[in-house]
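What follows draws every value from the coordinates through simple rules; no lab data is involved. In this text the structure is predicted, and so the values were computed from the model without any measurement. Methodologically, a virtual Cβ is constructed for each residue, glycine included, from the backbone with ideal geometry; neighbour enumeration extends over all protein chains shown.
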Amino acid sequence: MNVEQTKSLTFYGRQELAMIPILLYVVLGGAIMIGFQYYSMKVLIFAAIVSIFIGYLFCRKKKEYWNAIVRGLAQYGNARLILIFMVIGIFSKVLVTGGIGGGFIWASLHLDLHGGAFVVFCFLGCSIISMGAGAPIAALLAVVPIFYPAGIMLGANPAVLLGAMMSGIFFGDALSPSSQVIHTTIASQHDAHTQKSADLIETMKERLPYILFAGIVSMILFYFLGSDTSAVEHVAELSKLSNRSGLWMLLPIVVLLLICFKTSDLFMGVSGGILTGIVIGLVTGIFQMSDIFFIDTTTQQLHGVFFDGITSVTDIILSTILLYGLIQVAVEGGMMQKCCDFLLSRKMIQKPAGAEGIIAIGVGVVNVLLAGCVLPSIIMFKDVADTVGQKAEIPASRRSILLTAMATNVTAIVPINSAFVMGAVTVVAEMTAKNPMLPNVTPWQIFISSYYCLLLTLVCIAWVVFGLGRHREKVKHSLHMQRSGER
C-alpha cells in the first residue's frame, strides 16, 4: 500500500470523514430503492455522484480531491476492468445475436425439460456462459434475456429461475481459468517468504471440492423447488423461439476457454471468442452484415454487435468508474492504512483462524458497502488481506480462495444495493414492459433463491471456524519451502 497516497487527503473535523462518500453511497442507494421501490443500476450511479459531491464539501484539499477521483480510474487494474467490461459486452452481444438462447431452448424442448429440470438446465447454461465471459456481472446481463422468458414459458418459478441465473454466473466464474476475479486476487496475494504471487492452478485445485459441493447441492434444490405449479406452459410460443443453429455459439465459448487456459490472458481469450463467433455466424448464415454494423438513417442511430455490446454495459461501467473514485478517496484519506494498522495490532491475527476471520469479515463488509461489486471490493481490500495473511503465515492460495469466496457469496447479493440483483431486476423490468406475460420479481425473492451463494456462505464459515484444509495446506506449504531451500 502506497503510504504517501494514503495521507494525501485531509478532511474538516475528523479524518474518518474520508469514509463519508462510501457510507452515504450505501445509505442513499438503499433508501431510494426501498423507499421508492425503484430497482436499477441508475440508482447506484446517482447515489455515487451525490456521495462524491458531499465528500467534496468535507475535504480540505478541494483540487486534490478531484485528482484522487481521477487516480482511482487511472490505476492499471481499474482501467483494465473497465476495458474488460467493454469487450465482454461485445462478446455477450455476439452470443445473444447468434441465438445461443434459441439454441438452449431447442435443447431443452428436445430433452423435454420443464419446471425444476429447466431451472437446473438454466443453472448449467449460465455457468457455461459465465466461464466464457470472465466477469460475473457481464455474464448476468447476458443470460437474463436468454433464459428468463423461456423459463417462464416452461413453468419455472420466476424467483428460483433468477436465483439459478445468479448462482450459475458465480459458479461458472469460480470454475473459469479466464475469471478476472481470480486473476486479480491471486496477483495480489504473496507468499510471506518468497513474495511470489499465488499460483492459479494450485488455487483452483484447492477450492474445487468446495465449489463443486455448493454447486451440486444447489442443483438438487433448484430441481425440487424450481417448478411453478400454478404456471401455464406456453410450449407452442416457445417453439417459435427455438433455433438449433444457436448452438453454434457454443464454439466461441470453447475457443475462449482454450485460449485462456493456454495463455491465462482474458483479453486474448475474449478476442478469439469474438472473432470466432463472428466468423461462425457469417459462415452459417446466423449473422448478416447488418448485425455487425448498421446505421439507421431514420433515427440516426448506430447499431451492431460492437456498438450495442458496449452500450449494453454502459450503466455498470459508469457505476464502476464512480465507485473507483469513492474507493480512492477512502484510500488516500488514510482509512485503509488505518484499518490495516488496527487489524495488525489485534491479538487474534496470531492464530490462523483469527486472521482468516479478519480477512473473511473484512472483505465481506467491504463488498456489501460497494454494492456487491466483486472486483472493486477485492481491489480495495487486497492489500489488507495480503499484509494480515503474511503476518499470520496463511498460504497465498488459501487467502485467494477466501477472498473470492467471501466476495461472491451473500455479500454480493444483498437485496438493498447489490449491483447484481439490481441489474437482474432492471433487465426483467425492461422485458416485462414489452411482454406483460412475464412477471416481475423483487430483490428479496432473488436473494433467498440464490442457493449457491447461500451455500457458499456456509462453506466459508465452516472453512474458517473448523479450519477445513488448513492443516493439509500448511504441510504442503512447508514441503514447498523445503524444496525451495534445497534449490
query: Taking the Cα centre of the chain as the origin, how large is its charge dipole in debye, to the nearest 20, when only Lys and Arg (+1) and Asp and Glu (-1) carry charge on their Cβ atoms?
result: 1340
message: Exceeding 21 Å between C-alpha atoms, which entries from my cross-link table qualify? They are Lys205/Lys351; Lys61/Lys382; Lys196/Lys382; Lys42/Lys62; Lys196/Lys391; Lys347/Lys391.
response: Lys205/Lys351; Lys61/Lys382; Lys42/Lys62
- request: Calculate one ³J(HN,Hα) per residue across the range 51-68 by plugging θ = phi - 60° into the Karplus curve 6.51 cos²θ - 1.76 cosθ + 1.60, and present them in order as whole Hz with x for glycine and proline.
  value: 5, 4, 5, 5, x, 4, 5, 8, 7, 6, 8, 4, 5, 5, 4, 5, 5, 5
- line: Computed ³J(HN,Hα) along the range 86-97: with the Karplus parameters 6.51/-1.76/1.60, θ = phi - 60°, integer Hz and x for glycine or proline, the list is 5, 6, 5, x, 5, 4, 4, 5, 4, 5, 5, 5
- request: Sort Tyr451, Tyr324, Tyr223 so that the residue with the fewest other Cβ atoms within 10 Å of its own Cβ comes first and the one with the most comes last.
  value: Tyr223, Tyr451, Tyr324
task: Find how many whole Å separate the alpha carbon centroid of the range 276-348 from the alpha carbon centroid of the range 59-99.
output: 6
- request: Apply 1/(1 + (r/R0)^6) to the Cβ-Cβ distance of Ile34 and Lys262, taking R0 = 56 Å, and write down the FRET efficiency to the nearest 0.05.
  value: 0.75
field: Residue (of Phe85, Ile32, Gln75) at the positive-pole extreme of the range 4-124, dipole from beta-carbon charges
entry: Gln75
20 Å Cα-Cα reach of Lys63 towards aspartates and glutamates, excluding residues that sit fewer than 8 places from it in its own chain: Glu4, Glu16, Glu332
statement: Exposure-ranked with fewest Cβ neighbours within 10 Å first, Thr97, Thr229, Thr311, Thr320 stand as Thr229, Thr311, Thr97, Thr320
- prompt: Can you work out ³J(HN,Hα) from phi for every residue in the range 445-459, in order, using Karplus 6.51 cos²θ - 1.76 cosθ + 1.60 and θ = phi - 60°, giving whole Hz and x for Gly and Pro?
  reply: 5, 5, 4, 6, 9, 8, 4, 4, 5, 5, 5, 5, 5, 5, 4
- prompt: How much mean residue ellipticity at 222 nm does the chain get from its helices, if each DSSP H run of length 4 or more adds -39500 (n - 2.57) and you divide by all residues, to the nearest 500 deg cm²/dmol?
  reply: -24000 deg cm²/dmol
- request: Assuming a ≥ b ≥ c are the square roots of the Cα gyration tensor eigenvalues, decide whether the range 386-442 counts as rounded (a/c under 1.5), prolate (otherwise, with a/b larger than b/c) or oblate.
  value: prolate
message: Ranking request for peptides 237-245, 391-399: highest mean number of other beta-carbon atoms within 10 Å first, then the rest in descending order.
response: 391-399, 237-245
statement: Amide H contacts under 5 Å for Phe11, restricted to residues at least 5 apart in sequence or on another chain and with H modeled in the peptide plane, are Arg60
- prompt: Quick one: putting +1 on the C-beta of Lys and Arg, -1 on the C-beta of Asp and Glu, what dipole do you get for the range 272-357 around its Cα centre, in Debye to the nearest 20?
  reply: 640
Cα gyration tensor shape of the range 292-335, rounded if a/c is under 1.5, else prolate or oblate by comparing a/b with b/c: prolate
- prompt: Any idea which of Ile358, His303, Leu208 is furthest toward the positive side of the dipole for the chain, if Lys and Arg beta-carbons carry +1 and Asp and Glu beta-carbons -1?
  reply: Ile358
- prompt: Using alpha-carbon pairs under 8 Å, 6+ residues apart, how would you state the relative contact order of the range 55-200 in percent?
  reply: 22
task: Collect residues whose amide H, placed 1.01 Å from N in the peptide plane, falls under 5 Å from the amide H of Asn157; neighbours closer than 5 in sequence don't count.
output: Ser227, Asp228
message: I'd like to know which of Phe104, Ala396, Ser245 lies farthest towards the positive end of the charge dipole of the chain, counting +1 on Cβ of Lys and Arg and -1 on Cβ of Asp and Glu.
response: Ala396
message: Can you give the FRET efficiency to the nearest 0.05 for Asp112 and Arg60, using r as the Cβ-Cβ distance and R₀ = 60 Å?
response: 0.35
field: Three-way shape label, the chain, alpha-carbon gyration tensor, a/c 1.5
entry: prolate
